[in-house]
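The values are calculated or read from the model by the stated rules, or taken from the named source; none is laboratory data. Small disclaimer: the values here were computed from a predicted structure and weren't measured. Side chains included, ligands, DNA and RNA excluded: accessible areas come from the protein's heavy atoms. Shrake-Rupley method; radii C 1.70, N 1.55, O 1.52, S 1.80 Å.
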Amino acid sequence: MKYQNPVLRGMYPDPSVCRAGDKYYMVCSTFQYFPGVPLFESEDMVNWKQIGHCLTRASQVKLNGVSTSGGIYAPTIRYHEGRFYMVTTNTTDKGNFYVYTDDIYGEWSEPVWVEQDGIDPSLFFEDGKSYFISNGYDEATGRPCIQMCEIDIETGKRMSETKALWHGTGGRYLEAPHLYKFGEYYYILDAEGGTEYGHMVNYARSKNMWGPFEAFPGNPVLTNRNLGGYILQGAGHGDVLEDKNGHWWFMHLAFRQIDRWMPFHHLGRESCLVPVAWKDDWFYIGDGTSQLSYELPEREAAPQQIAFEKNIGNLAESHEWCFLRNYIPENHMITKESIRLKGTADTLFGLGLPTFAGIRQSELSMYISATLQSECEEAGLTLFMDEGHHYDLFLDGESNAVLRLSIGSVSADVKKVHVGKKATLKVEAKPKEYHFLAVSGEEDNSKSISMGVAETRYLSSEVACGFTGVMVGLYAVDKAGKYAEFTEFSLRHDE
């Protein structure tokens, strides 16, 4: 039985995994989106169900005024003595912190802050002691490093000086550190090369957790940097795990480019799974590359991983909804019958708190549709990469359907058609293009109107920069606080 990569599709970057009993748990980065750090559960490492978020309260995560790709960076999840820990960085607040819970389905604690710089923090536990790992800068050598200190896990207070453990292999942007103990050796893992087309994974081992560390002779142990033309690129930043059947895995980020000859990606970085093998106390990740499919070892699994339909009914109680910077409940009323949005003066262009509810675009090809009735100055669908790069199909205050394309410093309304106060807005997403349509809700004018075509590459990370991916958003703008009501909203992908 084969499974397909990515196993978690759409903007779910920087995956970290842990095992508790017979189940597995995963977390990913969320940057400027609220709630923070989605939490997933699995029984087979291939099929993942979101069961909540780790950061669900304003007291845990401050995001006001945060621009795209700020906020919450790479998390790590660990399970130790009956307690789950999630450690991460709020790059626009006080830095590194962790939260914890004894009930994986319940609420997580208030933040415990750690006075160690760097990003991509991780935790390691041994012999009753707790250790905090992050990337950093070794002043003694003038080089980037992976660094560690002992902490009091109850308070986050440092119990030792921070020490440089390893300087990596020389690749740029040394990041994504994890420390493990497998058998006689401690293994230190990193990612280098930048989370782009040159991304790679390296590691080293030592019989002493403080080093010195001996680099794996086959580094990089994983990279797709030489797979020119392959759809799956940017393989790196990940976490090693042994499953309940004794099989080993590496969960890591990668992204899908839009075409063999066009190195652009707009869905964001996604989570992929690769088998791990051991020889002479060294581990090997696949054949050194990450592939789009793998055979499952010695077990049954029948995941329907790609085909899906999401709609108002099955999204009503979903954990998939994302809000920009914070969540104002009275502005977002989501039920099984409708989605009612109260407009505010904040728009998609600023760093305020616009009325916005988003779902990740998870496939290169998909169909998106929303039927709404609006009294707002502006309300509709947006394909949102960041505040400077988004395509908006909306109803204005004069009952016109409008397609607006915003790319960096240029924003233009490319078509405007009168359709009435109720209409259905549609997008057909293809790898290279978005096709926009509007259908009037008025009986005497119900024909489908082509609003235009826009290229996906202008919403890509290569154009917009940053670390996020496209969100399919519903939004409303109105200075007087009027409402837009969506009675249908669906995202569909056919395999």
Listed by chain and number, the lysines with an alpha carbon less than 17 angstrom from that of K310, same-chain partners under 8 positions apart left out, are K49, K336, K426
Partner aspartates and glutamates whose C-alpha sits under 20 Å from that of K129, ignoring same-chain residues fewer than 8 away, are E81, D102, E115, E150, D152, E154, E161, E184
Residue-normalised value, i.e. accessible area per residue, for the chain at 1.4 Å probe, in Å², stands at 39 Å²
Excluding residues fewer than 8 positions from K279 in its own chain, the lysines with Cα under 18 Å of it are K181, K207
With a ≥ b ≥ c from the Cα gyration tensor eigenvalues, square-rooted, and the rule rounded for a/c under 1.5, otherwise prolate when a/b > b/c and oblate otherwise, the stretch 1-159 is rounded
Shape call for the stretch 343-486, from the Cα gyration tensor axes a ≥ b ≥ c (a/c under 1.5 means rounded, otherwise prolate when a/b beats b/c, else oblate), comes out oblate
The stretch 265-364: relative contact order from alpha carbon pairs under 8 Å, six or more residues apart, as a whole percent, is 23 percent
Share of accessible surface on carbon and sulfur in the chain, whole %, 1.4 Å probe and ligands ignored, is 47 percent
The answer for the per residue Cα convex hull volume of the stretch 224-334, in Å³, is 183 Å³
Dividing the mean separation of Cα pairs under 8 Å (6+ apart) by the residue count of the chain yields a relative contact order in percent of 14 percent
